[in-house]
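Visitor: First the structure, then my questions, so here it is.
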Amino acid sequence: MRPLRASANRDIKEIKGVTKSSHVTEASYLKNTNHMKYLALLFVSVTFLSNPSSNAQIAKATSMKPTLIFVYGLWADRSCWSKVIPSLLEKGFNVISVQNPTTSLEDDVAAATRAIKLAGGDVILIGHSWGGFVITNAGDDPHVKALVYVAAYAPGQGETVPSVSEKAPGTQLTNFVQNTDGFLTLSKEGVTKAFANGLPPDEQNMIFCVQQPASENVFKGVTSHVAWKQKPSWYVVAAEDHTINPELERLMAERAKAKTTVVKSPHVAMLARPKEVLGVILDAVQTVSK
């Protein structure tokens, strides 16, 4: 690269001596002037490329932010994060929303694990509802720096959905579950009364239409890794949740020693209170980035 820089300097000096007063034609003058501009740009480019530390500093600044990985729960899809993700993208975060199969705990953890590998660096896992089971079991990966539970299960060792749910009174959700060939969905009444109660009717209708059927097998999944025992955790309690009892949410948050925020919200807090959920996620980012 050094001979190129020397050549560029020499050519620039030679062209600087060419003026309109010299015995050159107008066309020759313009040609040489353009040549000089080209060489000046070349000189700057060579200087930048010969200083790899500048590129490294830019890359480091970009990579300092962890990738945010979202995992939805049962009877939802990736659109449930649509009020949170755009704000994070505007702030320059890399975001992955996992296509959670909701076929078994093992399948769902495998999907989250692939997302962690795809991120290629530090990540924060954010789980809603059943997604809490997923991030608890997938979160022991060394690249996971924090866990954020949004009205989500935070199970302990050996726990299943039925066993952890026994720690608090049940909810009315089970009255609205429909079974079709071993896959479970919510009735429209279940969405409006127990899952997305309080949301505008158009949003409730959208949730009902896009809900992903969940296999019965998810309720058999046994927790084998408890990431919240080693990783800092945040928890959003939905005070008007009719899907997971808010008492159970508080219990799980306390057990995980999670920094807890209570919002007046139904189960889908990220749709009902997106600003508050966003604030919790950003607090987690700021804390682990110190």
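Visitor: At R0 = 30 Å, how high is the FRET efficiency between Glu240 and Lys117 if r is their beta carbon distance? Nearest 0.05 is fine.
Guide: Working: r = 37 Å, r/R0 = 1.23.
Step by step, r from the Cβ atoms, then E = 0.20.
Visitor: Just the Cα atoms of the stretch 63-288, one point each, no solvent: what log10 I(q)/I(0) does Debye give at q = 0.11, 0.17 Å⁻¹?
Guide: -0.46, -1.21
Visitor: In which sequence would Lys257, Lys83 go, from the one with the fewest C-beta neighbours within 10 Å to the one with the most?
Guide: Details: Lys257 12, Lys83 18.
Ranking Lys257, Lys83 by Cβ neighbours within 10 Å, fewest first, gives Lys257, Lys83.
Visitor: What is the extension gain from Lys229 to Lys275, computed as 0.36 nm multiplied by their sequence separation minus the C-alpha to C-alpha distance, in nm to one decimal?
Guide: Working: separation 46, 0.36 × 46 = 16.56 nm, distance 2.75 nm.
That pair, Lys229 and Lys275, stretches by 13.8 nm at full extension.
Visitor: Right, next: Using 0.36 nm per residue of separation minus the Cα-Cα distance, give me the extension gain between Asp283 and Lys257 in nm, one decimal.
Guide: Numbers: separation 26, 0.36 × 26 = 9.36 nm, distance 1.56 nm.
Extending this stretch completely gives an extra 7.8 nm.
Quick note: the coordinates plus some simple rules give every number you see, no bench work behind them. Quick caveat: nothing in here was measured; it's all calculated off a predicted structure. Note that each Cβ is placed from the backbone with ideal geometry, even for glycine, and that neighbours are counted across all protein chains shown.
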